[in-house]
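Working notes for the structure below.
The values are calculated or read from the model by the stated rules, or taken from the named source; none is laboratory data. Keep in mind that what you see is a predicted model, and the values were worked out from it rather than measured. Cβ placement follows ideal geometry from the backbone for every residue including glycine, while neighbour counts extend to all protein chains displayed. Accessible surface is based on the protein model in full, side chains and every heavy atom, while ligands, DNA and RNA are left aside. Shrake-Rupley method; radii C 1.70, N 1.55, O 1.52, S 1.80 Å.
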Amino acid sequence: MSTALRRVRKYFISSQVYEALRPLFFLTFLYGLTPFHVVRRKMGESYLKMSCFGIFNIFVYIVLCGFCYISSLRQGESIVGYFFRTEISTIGDRLQIFNGLIAGAVIYTSAILKRCKLLGTLTILHSLDTNFSNIGIRVKYSRIFRYSILLLVFKLLILGVYFVGVFRLLVSLGVTPSFCVCMTFFLQHSVVSIAICLFCVIAFSFERRLSIVNQVLKNLAHQWDTRSLKAVQKQRSLQCLDSFSMYTIVTKDPAEIIQESMEIHHLICEAAATANKYFTYQLLTIISIAFLIIVFDAYYVLETLLGKSKRESKFKTVEFVTFFSCQMILYLIAIISIVEGSNRAIKKSEKTGGIVHSLLNKTKSVEVREKLQQFSMQLMHLKINFTAAGLFNIDRTLYFTISGALTTYLIILLQFTSNSPNNDNGNGYECCEALHNMTNHTL
């Protein structure tokens, strides 16, 4: 039994950065989101290799997505359209298809044009192992490996349950979606989810390395507090950092440790800035399509529950509300995953400043004080930050922004519905008149 457990455990242990990312890059390579796949050399070392098939696979997905989205747009078909059709739902449907087409184009174009940015980020993360070894730390990647596995399983499980539930519901009522509709529905949700997984794992890699740096600096402070060490005293090793799956193997002077920590922090910030250049437009399109779907899904649900809907549909109210609620929750999870992945890395980076100033207050060595002051200046100018094309920061303030915008648009849509004299047969003039009345009432 113990032998079997050891064999199973072996599959969840990784000692190399590329090996830890193997399952993730296998899936992104399969979906055409990256042209790389992890290859192992004869000596046992892993690395990322770009292949011609990877580039060809990306172009195949671009053509497939373009064909399916344009066909669905021209035919006016969609999964939402099978549930009901109103003027507002038709507009929302077309907006979602158009936005999904843009999102697919941006994600797959970034996979080709900005592949060097992603490769550069991973190269810096790989080179950090050497810097950590200089201060007596050997990093293990088991946590990153397990995190990527759990995240992928969680996302794929949710998508699998959602897809099976939706298509069984449609088939039970005799509705057979066309090939293009099925592909747009499947690709939109799955590609967005896997792209989010890639961002979250990269952000988690930054978080783990920042945690190591913070723990190294905390250990210095702990040594000065409990052992009354002089700042210039040598031949002292750091404490074992078991909580981070690493251990110390050499002795270092505190000034050398702080200097190496500065270099590590600089490299982490450089890698984060490079990763932001790769993901920035992807995150903008993903957050935009998620917001759009949440707005319209919340409107459809509220309209039905408030009894204002005059829809004609084969589906019962429970089935109708369940479908749109599940789709809304799916994209809420997408936004939360992006924001929390970014926010955790940012918060770890912010903690470093407090630890450095704590050391600055405790040290009596002129050399160490100068190093800490340099580190403090570096922390002021180098910060980890993720943005969506520079339009807004991706942190927890985004929750408030989205909530405010969501509330505003829901109120407008609900007032638009209540002021419309005839929801089913209203023409363009009546819609404009209702919108004009709503504006006068607001003023």
- request: Quote to one decimal, in nm, the extra length available between Lys351 and Leu391 on full extension: 0.36 nm per residue of separation minus the C-alpha distance between them.
  value: 11.8 nm
statement: Everything considered on the Cα gyration tensor (a ≥ b ≥ c; rounded for a/c under 1.5, else prolate if a/b is larger than b/c, else oblate), the stretch 96-207 must be described as oblate
query: Stretch Ile158-Ala221 to full length: gain in nm at 0.36 nm per residue minus the Cα-Cα span?
result: 18.2 nm
- request: Between Met377 and Lys49, with labels modelled 7 Å along Cα→Cβ, what's the label distance in nm to one decimal, could you check?
  value: 4.6 nm
query: So, counting K/R as plus one and D/E as minus one, what does the shell of residues with Cβ under 12 Å around Pro35 add up to?
result: +3
- prompt: Of Lys277/Lys383; Lys117/Lys383; Lys218/Lys371; Lys114/Lys348, which ones are farther than 24 Å apart at the Cα?
  reply: Lys114/Lys348
task: For the stretch 299-304, just list the computed ³J(HN,Hα) in residue order, Karplus coefficients 6.51, -1.76 and 1.60, θ = phi - 60°, integers in Hz, with x standing in for Gly and Pro.
output: 5, 4, 5, 5, 4, 6
task: From the P(r) of the stretch 329-386, can you give the percent of Cα pairs sitting at distances over 14 Å?
output: 63 percent
message: Apply the Karplus curve 6.51 cos²θ - 1.76 cosθ + 1.60, θ = phi - 60°, to the phi angles in the stretch 384-397 and return the couplings in whole Hz, x for Gly and Pro.
response: 7, 8, 10, 10, 9, 6, x, 7, 7, 7, 9, 8, 6, 5
- request: Give the accessible surface of the stretch 262-351 per residue, rounded to a whole number of Å², with probe radius 1.4 Å and ligands, DNA and RNA excluded.
  value: 38 Å²
